[in-house]
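Down below is the structure, laid out as structure tokens.
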Amino acid sequence: MMDASSIKVTFKRKFIAGLFISIPAIITILAIVWFFRFVDGLLEPIYFRILGYHTPGLGFVSAIVLIFIVGIVSTNVFGKKIILFFERIFLNIPVFKSFYTAIKQMVDAFSPESKSSSFKKFVIIEYPRIGAYAFGFLTKESTVLERNGSEARLRAVYVPTNNLYLGEIVLVNEEDVIYTDIPVDEGMKIILSGGIAAPPKIGESAQ
């Protein structure tokens, strides 16, 4: 028969186990609810003015359909011309140009459809000092630095400092970049998990 101390220890162990299982699920549910309300709140007021009554979820569904339609349009030749036309308009607006360009470049970096500016490889470099290593994403394979009459070939590596969305661009010599055998999408998971999702053994791959 279990004494009071054993029951207390068992309860504590089970409670902590349940807590660690519940927290990710609760955070995920809250994030989904927040996202649903945010997107729904963008278009739902318009439907309220048209219909005269609130219809929860209608704005969210409309936003999903609208994004899907934009995706269809953007994947054909005629649609690309329309998007480029509107992009030219946006880029001619002084203040809007800076925000639009920065946001578009950031989105392209995370987009698997992007061929020019997306993350190319998940790498490791010595940063911020010799002997300390940091995960990063190769963003540009070759940048030539002219200095004192000589040229040095550098590679641009994006090192996240706050999850994925904030970080620093580090220019390093080609030979100082360690190419891992980890795909870019798995590398993103490692960064988002704070390194917890990193495998126990990382292999080096060819360039």
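Only the coordinates and a few stated rules stand behind these numbers; no lab work does. Everything numeric here is computed off the predicted structure, so don't read it as measured data. Note: ideal-geometry Cβ built from the backbone for every residue, glycine included; neighbour counts use all protein chains shown.
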Put a dot 7 Å past each Cα toward the Cβ at LEU30 and ASN173; how far apart are the dots in nm?
4.8 nm
Starting at the first residue of segment 32-44, write each ³J(HN,Hα) from the Karplus equation 6.51 cos²θ - 1.76 cosθ + 1.60 with θ = phi - 60°, in whole Hz, x for Gly and Pro.
5, 4, 4, 4, 4, 5, 5, 5, 4, x, 6, 10, 4
Sequence-distant residues sharing a close amide H with SER205 (under 5 Å, placed H)
TYR179, THR180, ASP181
Tell me which residues come under 5 Å, amide H to amide H, from LYS140 once H is placed; ignore anything under 5 positions away on its chain.
ALA156
Simple label model, 7 Å out from Cα along Cβ direction - ASP181 to LEU43, nm:
4.6 nm
With a point put 7 Å past each Cα toward its Cβ, work out how far ILE83 is from THR139 in nm, to one decimal.
2.1 nm
For the chain, what does the helix formula give at 222 nm: sum of -39500 (n - 2.57) over DSSP H segments with n ≥ 4, over the residue count, nearest 500 deg cm²/dmol?
-18000 deg cm²/dmol
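Could you calculate the contour length gain from ALA17 to VAL65, that is, 0.36 nm times the residue separation minus the distance between their Cα atoms, to one decimal place in nm?
Numbers: separation 48, 0.36 × 48 = 17.28 nm, distance 4.03 nm.
Roughly 13.3 nm would be gained on extension.
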Normalised per residue, the volume of the convex hull around the Cα set of the chain (Å³):
256 Å³
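How high is the relative contact order of segment 141-181, in percent, counting Cα pairs under 8 Å that sit 6 or more residues apart?
On the way: 53 pairs, mean separation 12.5, N = 41.
Normalised by residue count, the contact order of segment 141-181 is 30 percent.
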From the gyration tensor of the Cα coordinates in segment 121-192, what semi-axes in whole Å does the equivalent ellipsoid have, largest first, with each one equal to sqrt(5λ)?
23, 12, 11
Contour minus Cα-Cα span, THR75 to THR55, at 0.36 nm per residue, comes to 4.0 nm
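Computed from the mean reciprocal separation of all distinct C-alpha pairs, what Kirkwood hydrodynamic radius does segment 47-109 have, in Å?
Numbers: mean 1/r = 0.0706 Å⁻¹.
This gives a value of 14.2 Å.
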Sequence neighbours fewer than 8 away in the same chain don't count; with that in mind, list the lysines whose C-alpha is under 28 Å from LYS120.
LYS80, LYS81, LYS97, LYS104, LYS140, LYS189, LYS201
Report the calculated FRET efficiency for SER5 and ALA197 (r = Cβ-Cβ distance, R0 = 45 Å), to the nearest 0.05.
0.75
